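This report refers to the structure that appears directly beneath it.
The values are calculated or read from the model by the stated rules, or taken from the named source; none is laboratory data. The model shown is predicted, which means the values in this text are computed figures rather than measured ones. Neighbour counts run over all protein chains shown; Cβ positions are idealised from the backbone, glycine included. These accessible areas exclude ligands, DNA and RNA; they are computed on the full protein's heavy atoms, side chains included. Shrake-Rupley method; radii C 1.70, N 1.55, O 1.52, S 1.80 Å.
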Amino acid sequence: MAHIYSSIQQALSAHWAAHDKKYPQKVILTPDQHQALNDMRATVSTGQPSKGPKPLAGEKFMGVLIEHDINTPGVMIGVDGVETPLQQPAATA
């Protein structure tokens, strides 16, 4: 399964291609997904994971608003209102 950072980047690229480069409304993440995203962002910029959660109010990733919801699987809400899952559920045998 791709890291949430890569999953959001891929979803954004697909959204821009499908919607004439328009930005989606927002990304909705669980607190754990948000922490994983912040850890990766810190690692990319400083070489070290973050030192805890960042404030969420008005936070954006690549220009897209991020919101929290403990009950979400992690979705991007497109400019047209369509929800796109950010990560596929693990396959069951």
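Brief remarks on what is shown
- Matching residues in the stretch 4-18 - criterion: being touching a helix residue (DSSP H, G or I) at 6+ places or on another chain (Cβ under 8 Å) and either outside any helix (DSSP H, G or I) or open to solvent by 40 Å² or more (accessible area, probe 1.4 Å) (or both): Tyr5
- With respect to the conditions (1) modelled with pLDDT of 75 or more; (2) open to solvent by less than 60 Å² (accessible area, probe 1.4 Å); (3) not β-branched (Val, Ile, Thr), Leu56 lacks only one, and its number is (1).
- Residue check, Ser6 hydroxyl-bearing (Ser, Thr, Tyr) and either in contact with a strand residue (DSSP E or B) (Cβ under 8 Å, 6 or more places away or on another chain) or at pLDDT 90 or above (or both): yes
- Of the residues making up the stretch 19-44, those that are part of a helix (DSSP H, G or I), of a type in the set (Val, Ile, Thr) and crowded, with 21+ Cβ neighbours inside 10 Å number 0.
- Scoring Gln48 on the criteria (1) open to solvent by less than 90 Å² (accessible area, probe 1.4 Å); (2) of a type outside the set (Lys, Arg); (3) at pLDDT below 90; (4) part of a loop (DSSP other than H, G, I, E, B) leaves a single failure, condition (1).
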